[in-house]
1. Go through region 427-543 and tell me which helices (runs of 4 or more DSSP H), entirely inside it, have 3 or more residues that are touching a helix residue (DSSP H, G or I) at 6+ places or on another chain (Cβ under 7 Å), over 28 Å from Arg718 (Cα atoms) and touching a residue at least 24 places away in the same chain (Cβ under 8 Å).
2. Please specify each residue of region 697-714 satisfying the condition of being on the phi < 0 side of the Ramachandran plot and either assigned to a loop (DSSP other than H, G, I, E, B) or touching a Cys at 6+ places or on another chain (Cβ under 7 Å) (or both).
3. Over 15 Å from the mean Cα position of the chain (by Cα), of a type in the set (Gly, Ala, Ser) and at positive phi: which single residue out of Gly185, Gly197, Gly134 fits that description?
4. Would you point out the residue of region 273-305, among those that are farther than 16 Å from Ile236 by Cα and small (Gly, Ala, Ser), that is surrounded by the fewest Cβ atoms within 10 Å (Cβ to Cβ)?
5. Output the number of residues of region 429-448 satisfying the condition of being in contact with an Asp or Glu (Cβ under 7 Å, 6 or more places away or on another chain), open to solvent by 10 Å² or more (accessible area, probe 1.4 Å) and not charged (D, E, K, R).
6. Going through Ile155, Ile171 one at a time, which residue ends up being at pLDDT 95 or above, more than 30 Å from Glu223 (Cβ to Cβ) and either among the β-branched types (Val, Ile, Thr) or crowded, with 21+ Cβ neighbours inside 10 Å (or both)?
7. Could you please tell me which pairs satisfy a Cβ distance under 7 Å, a separation of 6+ or placement on different chains, a first residue in region 614-630 that is over 18 Å from Ile657 (Cβ atoms), and a second residue that is assigned to a strand (DSSP E or B) and open to solvent by less than 40 Å² (accessible area, probe 1.4 Å)?
8. So which residues in region 321-353 are in contact with a strand residue (DSSP E or B) (Cβ under 7 Å, 6 or more places away or on another chain) and more than 19 Å from Ala259 (Cβ to Cβ), if there are any at all?
Amino acid sequence: MAERIGHGSHWGAFDAVVEDGRFVAAEPPARDPAPSPILKGMPAAVYHRTRVARPSIRKGWLERGFMAGGEGRGREPFVEIPWDEAIDLVSSELRRVKGEYGNDSIFAGSYGWASAGRYHHAKTQLQRFMNCYGGFTAQKHSYSLAAGLTILPHILGDLATLRTPSSWADIEQYSRLFVAFGGCGTKNAQTEPGGTGAHSTEPWLRRLAAADVEMISITPVREDTPDFVGAEWLPIRPNTDVAMMLGLAHTLVSEDLHAPDFLARYTVGFERFHDYLMGVTDGTPKSAEWAAGITGIDADLTRRLARRMAENRTMITTSYSLQRGDHGEQSFWMTATLAAILGQIGMPGGGFGFGYGSMHGQGNPVTVFSAANFPAGNNPTGSFIPVARISDMLLKPGQAYTFDGEDRVYPDIRMVYWAGGNPFHHHQDLNRLLEAWQRPETIIVNEPWWTPTARLADIVLPATTTLERNDIGASSRDRFIIAMKKVIEPVGEARHDHEIFRALARDLGFEQQFTEGRSEMDWLRHMYDVSRQDAARVGIELPGFDAFWEQGYAESPEPETPHCVLSEFRADPDAHPLKTPSGRIEIYSEEIASFNYQDCPGHPVWMEPLEWLGSDKAAEYPLHMISNQPAGKLHSQMDFAGASLDLKIDGREPMLIHPDDAEKRGIKQHDVVRIFNGRGATLAAAVISDGINPHVIRLSTGAWYDPTEVGQIGTLDRHSNPNVLTPDKGTSSLAQGPIAHTSLVDVEVYRGEPGEITVFDPPALIEAAE
């Protein structure tokens, strides 16, 4: 008889159906109105042939240790060895590197999405282990939001407006116009860090449509906003949203539709920005006509939209994706500035918000309290790099760079220890990363599957999936806490990350400090109780741990009052000042201006991106590539199973292209095409559609990197990974964030034999000699 066991994931809670000890299906709960199809791939993923079965060591490294060098990574077979030998090897190497070079020579990387569970969270487990061992070099911020996370504290004082924007309930009740730069979709809202008990974005968007909230979707791709909301689509050129915002602002100011009283009381620096906007400082008014030459959006249309925004209660929103372009800081800064000029910030249904549709939690009506959390501790070294500067760090040790007002130097990294991520999916310019990846003496990876990153490591330790352990799924932006009960026994010889680090800590002499003497269930009880106490602080009563674990979830009520961003600040800016130097919204930031960054001045501006359709580079590479998040997976997770496979065409990712661009190149529906520029080339399957701007293509991220020659720089990727094409440059000297959405390419029909996708097969494995 089948057994049903409650569990959770980044794409939702579910009941795991188990037959004879084998996980066979993931069924979402009846309470979820819009369950994610990604769930269906979990049974195939957990037993997939690409699971790492046993501790595996690159043959050259096993024979010569760190003296083997990095050139053989990806080219040599792996030798499977017993766990006790693997632990001895890793602990010995940690001692060597720490003793010879110090803790800041160890880069402990992770991207945090490996597990919705808050205890068995690979990034946190790795960081706690390294902190107990004396520290490491870390990454600051995230690929998703690096530019936004850096700029917002300067202009708004903290990240509260980003973390908890005005709720959907507030927008439904009070907004009449919803202006979405980057669109507002449901694809990304399948996921939430820590998971969700019930998906709410699609139902709320339907409620907005029923409430006659008019939506304007400003994006190069029509389906970035679902058809059912009836949005007006303005197909803007990629990376030009700031120019359009400036054109809107110019219309508002020049036609006296702005709010000078609001600007005087609640902001600082508008006068300086005004002179730039009106062309006093540079001789170029940022008019609707000026913007039209950059954005491709008709000037009369921009003017009409500005007038509608002034006539209606308007919510301006910008997706996370826009700050992942060159000068991405400007998109968030200009969003807040445009809303300030309109003067509706702090009014119900008005103002601005970031990331609606970019993740499930954005706008989800919830009373915020601390989610269950496993403490990582403090890093004694204080060493870090901006999240996306990995290749720079490895290629340029000792080189100076700037970040958020600091003059910094890249550390000399001798060891990389990675757990819970796949940088050969999400990092830019993978050929450059491949060159950098050869520099460290040793690379260690904890991983359930043979990802491209694992294949390019020296030591690979098999880690369990969430299904093979107990945990708690929780997000401060979700009303549900999920009991993630163990579903199956570990596959192969996989061990929990915590048990891997516990064994290493035992060898290295700090096991008690790492575990605090708590078992898995002791930690879950402790973490839940801490969260429960914080919930009581805000008036929410959660059941005790035993009752929670028995029921399988705990649910907090939806707030009675819709949340409106900066409402207290608007009511009394003196009693509720922002945490900026002025206490006000900083349209001009004296602090940023003092940094003297030419690529990020003291107020929002339009600056030409490194590559865009208006640049000279477009003569050689005339198509702008958008590499958005995929619909059938979270980043690269489960690329080989379920919804991800269903969306592929003959094993490759779909590339959206306009009919005119396809006809010019002789491309037919589902042709295998080669996408290329000076950084690399990849293969994809063409999907011809008029739902994308001319001269723009879309190739979603997430396909596992599958070069024709593993470990060889510059070879063709067979499997549609757009990051062989994206530039590895920081957004600016301020944030140093990734600019994946700034990439010019060309496309042609591929005339050769595309070959089979091989990355889902394990690498060559050798059993250890007796």
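1. Working: elements: 430-437, 452-455, 497-508, 511-515, 520-537.
Here the list reads 497-508.
2. Passing the criteria: Ser700, Thr701, Ala703, Trp704, Tyr705, Asp706, Thr708, Glu709, Val710, Gln712, Ile713.
3. Details: Gly185 fails: at positive phi; Gly197 fails: at positive phi.
Matching residue, one of Gly185, Gly197, Gly134: Gly134.
4. Checking each candidate, the answer is Gly283.
5. Of the residues in that region, 1 qualify.
6. Ile155
7. Note: pairs meeting the criteria are Lys617/Leu744.
8. Leu322, Ser331, Phe332
The values are calculated or read from the model by the stated rules, or taken from the named source; none is laboratory data. Keep in mind it's a predicted model, so treat the numbers as computed, not measured. Every residue, glycine as well, gets a Cβ built from its backbone with ideal geometry; the counts of neighbours run over all protein chains shown. Only protein heavy atoms, including side chains, enter the accessible area calculation; ligands, DNA and RNA are left aside. Shrake-Rupley method; radii C 1.70, N 1.55, O 1.52, S 1.80 Å.
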